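Reviewing the structure listed below.
The values are calculated or read from the model by the stated rules, or taken from the named source; none is laboratory data. Only a predicted model underlies this, so the values are computations on that prediction, with no experimental measurement involved. Here the Cβ positions follow ideal geometry from the backbone for every residue, glycine too, while neighbour counts run over all protein chains shown.
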Amino acid sequence: MPPINAEIQVIRKQLNDYAYQYYVLDEPTISDAQYDELYQKLLAIEKAHPDLITPDSPTQRVGDKPLDGFKQIKHEMSMLSLGNVFTEQELKEFDERLTELSGVSPICYAAEPKLDGLAVSITYLEGQLFQAATRGDGSTGEDITANVKTIKAVPLKLRGDNIPHKLEVRGEVIMTRSGFERYNRQAEIKGEKTFANPRNAAAGSLRQLDPCKTARRPLAFYAYSLGVVSEYLKFKTHSQSLDWVKTLGIAVNPLNQIVIGAHGCMQFYQMIGEKRPTLDYDIDGVVYKVDDLALQIKLGFVTKSPRWATAHKFPAEEATTIIENIDVQVGRTGSITPVARLHPVVVGGVTVTNATLHNEDEIRRKDVRIGDTVFVRRAGDVIPEVVKVVLSKRPKGSQQFNMPTHCPACETKLVKLEGEAVLRCPAGLYCDAQRKQAIIHFVSRKALDIDGLGDKLVELMVDEGLIKTPADLFHLKKQDLIQLERMGEKSALNLLQSIEKSKHTSLDKFIYALGIREVGEATALTLATQIKSIKALKTIKAEQLEELPDIGPIVAKRITSFFAEEHNRQVIEQLMQAGITWDEIQTPSAKEQPLIGKTIVLTGSLSQFTRATAKAKLLKLGAKVTSSVSKKTDLVIAGENAGSKLTKAEKLGIEVKDEQWLVDL
Ligand code: JCF
């Protein structure tokens, strides 16, 4: 072999190995930039020696020209759909039916997340990617080979040396959520079409006639079963067959598990449901398949779906409804947020009547109007949002929505600061709406935590003129309270007791309660432990604040301007007079700050902390918490699904601990 060809082979093998480590093993060993550098090198060599290019070279993913249309491909073995269950009861019935039919109890299931993408079939001949097809109607699909070849998670050539003459794998092509958002942002800038959700984006990308365009879409692939395989395979179970698929270099979802009986299925369903908001791809449920292949054959099929498998669906999280009106809300910091009032619709099991429209730019971008039919999405416990307008259903004569020019609460002229997307009411605490929000924040759970004082009650007390500032809360009398609507003697006394109890707090909670912009729990804790008193905070200079961990110039400025404001100084003074106290912050001894001098990085997802509380705990124990791993890092705490930061730490030989270690600290 000429030396240049040998070099080409070496680089191709390296690139394939890196892609395998990244997509299949989920353990990247080099950075994207390093991969790209090597790829460019191969491209350059191949350009100089075009005769040495082979179809399985990593550079050949985008070799094809635009197509005129898609060829039809008949599936040798039909691509099935799945039956559904929605409830625990239906799941039990499914399991009981199979137990009865098979005489096996309990049944082992291969359980997997059900990806919300597009089912495709990929065929390899002699280890080389030969063709790829959509599911279509199950018996005939479309030839999307050129597009599938551009997906880096799909190997052009299988790994290993036990490669069958012919192998068909089936799986789901998805677009990651992060890739989807990045894509839409860029499409937006270029004035191109945006997609309503990652699934539509993946579908649109696969049906793209120009593979060069598909190549720029962030698609991924997970295999979920085998199709036609030429050789006789000796696997006893479905899960063994997928383990083998993985050794061939094809990615299989790492969350797949073997579970036992309906109870095991239910636990898996709940576990995946909890993980769902943290995943970087959309799923719409889980799938259970009888793991024993002999048992699968025995159970057989019902018309178009296997009897031995079912999808357990999550309640839908996107729905369409009509916008009945658009209101604007005033936030604690004066931000003006447009809110769509919706015809009530059930999204993910919850009735939704309001959805945020974020700001004026978003309304323009999506061109949302009163009367429009829209897609509404609810993700986890975040505020529902309007995703997209169904333009074909827009009523005739509808008008573009314009934001108000004056504050709906206090009629002050609204302003838009440079570089900000939101309109603001500049009246601060002179605006009733902002005053209400400031007090609601002050009494909230993470702040002074006054029990029995909900949002509505605060609003009512401000409207009735009982309170103007948080300090007024501490001068309320029973007589003041019982004249309020629906306030009995007993609730009034309870509330007064809660207010009294809240007077003893901690300095960090007090600072947080003040509602300084950009000062969340973690920053409040930093200020409390480092500055140690309100008196010192009142006169501190921005430069001094900037020396503290994680306080940059913007936050520093927010803090100093808050304390410079006469009104704020007065309220703080009144609060102190009302008898708010906290324990002096002790300078912690070395015993209490075992992490002093240590630089720590948090990565992956934690189950028992939020990022802010984990960080707060570490700061309290003396550590410095930074966001990227370097030689200066002393320790990395890795939660679930930790990625490149963990890899880097291991490479640099940095000590790694798990979440339990932080819990036990
Ligand atoms: O992830 C999916 N959407 C998915 C779809 C997973 C599976 O295991 C499937 C499927 C459709 C049909 N299995 C079959 C038989």
Tabulated pairs, region 513-526, first touching a residue at least 40 places away in the same chain (Cβ under 8 Å) and outside the structural domain of V443 (by TED's automatic domain parsing), second buried (at least 22 other Cβ atoms within 10 Å of the Cβ) and among the aromatic types (F, W, Y), C-beta under 6 angstrom, 6+ apart or interchain:
A513/F442; E521/Y512
Take region 611-665 and flag every residue that is part of a helix (DSSP H, G or I), surrounded by fewer than 19 Cβ atoms within 10 Å (Cβ to Cβ) and in contact with a helix residue (DSSP H, G or I) (Cβ under 9 Å, 6 or more places away or on another chain).
R611, A612, T613, K617, K620
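To keep it simple, each residue is scored yes or no on (1) on the phi > 0 side of the Ramachandran plot; (2) without any contact (Cβ under 8 Å) to a residue 12 or more places away in the chain; (3) in contact with a strand residue (DSSP E or B) (Cβ under 6 Å, 6 or more places away or on another chain).
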position: G227; (1), (2), (3): no, no, yes
position: S230; (1), (2), (3): no, no, yes
position: F235; (1), (2), (3): no, no, no
position: H238; (1), (2), (3): no, no, yes
position: V245; (1), (2), (3): no, no, yes
position: L255; (1), (2), (3): no, no, yes
position: H263; (1), (2), (3): no, yes, no
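Would you tally the residues in region 296-329 being within 14 Å of the ligand (Cβ to nearest atom), out of contact with any Leu (no Cβ under 8 Å at 6 or more places or on another chain) and either assigned to a strand (DSSP E or B) or over 19 Å from R135 (Cα atoms) (or both)? Steps first, please.
First pass over region 296-329, keeping only residues within 14 Å of the ligand (Cβ to nearest atom): 296, 299-314.
From what's left, out of contact with any Leu (no Cβ under 8 Å at 6 or more places or on another chain): 296, 300, 302-303, 313-314.
Going one step further and asking which of them are either assigned to a strand (DSSP E or B) or over 19 Å from R135 (Cα atoms) (or both), we end up with 296, 300, 302, 313-314.
Residues flagged as within 14 Å of the ligand (Cβ to nearest atom), out of contact with any Leu (no Cβ under 8 Å at 6 or more places or on another chain) and either assigned to a strand (DSSP E or B) or over 19 Å from R135 (Cα atoms) (or both) within region 296-329 amount to 5.
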Please verify whether region 542-552 includes one or more residues that are assigned by TED's automatic domain parsing to the domain that holds I439 and either loosely packed, with under 12 Cβ neighbours inside 10 Å or among the acidic types (D, E) (or both).
no
Would you tally the residues in region 146-204 being surrounded by fewer than 16 Cβ atoms within 10 Å (Cβ to Cβ) and of a type in the set (D, E)?
4
Qualifying positions in region 258-283 - buried (at least 16 other Cβ atoms within 10 Å of the Cβ), closer than 25 Å to V173 by Cβ and touching a helix residue (DSSP H, G or I) at 6+ places or on another chain (Cβ under 9 Å):
Y269, L279, Y281, D282, I283
Enumeration of residues in region 114-158 that are touching an Asp or Glu at 6+ places or on another chain (Cβ under 9 Å), within 16 Å of the ligand (Cβ to nearest atom) and not aliphatic (A, V, I, L, M):
K114, D116, G117, S121, T134, G136
Wholly within region 505-579, which helices (runs of 4 or more DSSP H) include no fewer than the required count, namely at least 2 residues that are of a type in the set (A, V, I, L, M, F, W, C) and farther than 23 Å from I600 by Cβ?
507-513, 534-539, 553-564, 566-577
Which of the residues spanning region 4-27 are part of a loop (DSSP other than H, G, I, E, B) and out of contact with any strand residue (DSSP E or B) (no Cβ under 9 Å at 6 or more places or on another chain)?
L25, D26, E27
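To keep it simple, each residue is scored yes or no on (1) crowded, with 17+ Cβ neighbours inside 10 Å; (2) of a type in the set (F, W, Y); (3) not assigned by TED's automatic domain parsing to the domain that holds Q483.
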| residue | (1), (2), (3) |
| --- | --- |
| E411 | no, no, yes |
| L414 | yes, no, yes |
| L417 | no, no, yes |
| I439 | yes, no, no |
| R445 | no, no, no |
| G454 | no, no, no |
| V462 | yes, no, no |
| A471 | yes, no, no |
How many residues, within region 50-91, are within 31 Å of the chain's Cα centre (by Cα) and of a type in the set (K, R)?
1
Lone qualifier among A133, A146, A111, A153 - being in a strand (DSSP E or B) and in contact with a helix residue (DSSP H, G or I) (Cβ under 6 Å, 6 or more places away or on another chain)
A111
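Restricting attention to region 369-403, and to residues there that are surrounded by fewer than 14 Cβ atoms within 10 Å (Cβ to Cβ), part of a loop (DSSP other than H, G, I, E, B) and in contact with a strand residue (DSSP E or B) (Cβ under 8 Å, 6 or more places away or on another chain), which single residue is modelled with the lowest pLDDT?
Taking region 369-403 as the starting set, the residues that turn out to be surrounded by fewer than 14 Cβ atoms within 10 Å (Cβ to Cβ) are 380-383, 390-393, 395-400, 402.
Retained after the next criterion (residues that are part of a loop (DSSP other than H, G, I, E, B)): 380-383, 390, 395-400, 402.
From what's left, in contact with a strand residue (DSSP E or B) (Cβ under 8 Å, 6 or more places away or on another chain): 383, 390.
Working: I383: 80, V390: 90.
Once the filter is applied, the top-ranked residue is I383.
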